[in-house]
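The values are calculated or read from the model by the stated rules, or taken from the named source; none is laboratory data. Being a predicted model, the structure only gives us computed values, none of them experimental. FYI the Cβ positions are ideal-geometry reconstructions off the backbone, even for glycines, and counts take in every protein chain you see. Ligands, DNA and RNA are excluded from the accessible area calculation, which covers all protein heavy atoms including side chains. Shrake-Rupley method; radii C 1.70, N 1.55, O 1.52, S 1.80 Å.
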Amino acid sequence: MNTFNDKKIEHPRSEAQTVDTWSEIFYVSSLTPETIPAKWIFVFFDLPSEEFTRRVSLHRQFRKVGLAMHSQSVYFMPYSRRAYKAVNSIDEHLMVIRSEIEDEKATVLVGLYQKLIESLFLEIENKIEELADAKADSDNTRGYTKRYKKMSERLEDLTVVVKYVSSDAYIQRIKLLGIMVEEINDRLPGMGVS
């Protein structure tokens, strides 16, 4: 559900692939045209090196709302009113700009934004492996519970980020990751993959 003006760009797509939740997760393609956002949010900030902890905190907040890094102090994401409001509420010292972008440049931004999304998927997939290891370690139920709760937050955050692009494939992958997490949770402590 995007609230910005979009431009439809046709891309050749392969047919959708079926996916087994415990094998490698493939990018599931749809046969619909890809939607390229015309409006984008850009965030600019400049912090001295002495404010390292504030910088790290900002980077985490940016990633959580779905901002992708363009360069060291410039972040971006597709525009929606909700996203714009969320970004503006992060820190009053940020310069937040909404801009309409030419087709060619928007296509480049989409590619960069997809890299952010793929890195978030990879991070979550690695955390799922750690979750499975924690469940298999019968002596560490506290560590497992903490990871399990955090995993729900990660999947919710990823769902928010993915809503800013039009892709059934990303939603499909999130559902598969959720199934994997629930399969791990259903195991008895100390048990590996069944």
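Results for (1) open to solvent by less than 60 Å² (accessible area, probe 1.4 Å); (2) under 21 Å from the mean Cα position of the chain (by Cα), shown as yes or no for each residue.
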residue: ILE97; (1), (2): no, no
residue: VAL108; (1), (2): no, yes
residue: TYR113; (1), (2): yes, yes
residue: LEU120; (1), (2): yes, yes
residue: ASN126; (1), (2): no, yes
residue: ASP139; (1), (2): no, no
residue: GLY143; (1), (2): yes, no
residue: ARG147; (1), (2): no, yes
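Does region 176-186 contain any residue that is surrounded by fewer than 17 Cβ atoms within 10 Å (Cβ to Cβ) and at pLDDT below 90?
No - not one qualifying residue is present in region 176-186.
Restricting the first residue to region 131-159 and requiring it to be part of a loop (DSSP other than H, G, I, E, B), which pairs with a second residue that is aliphatic (A, V, I, L, M) meet a Cβ separation below 7 Å and a spacing of at least six or different chains?
ASN140/ALA134
I'd like the residue in region 150-173 that is among the hydrophobic types (A, V, I, L, M, F, W, C) and open to solvent by 20 Å² or more (accessible area, probe 1.4 Å) and, out of all such residues, is modelled with the lowest pLDDT.
Step by step, filter region 150-173, then rank; the result is VAL165.
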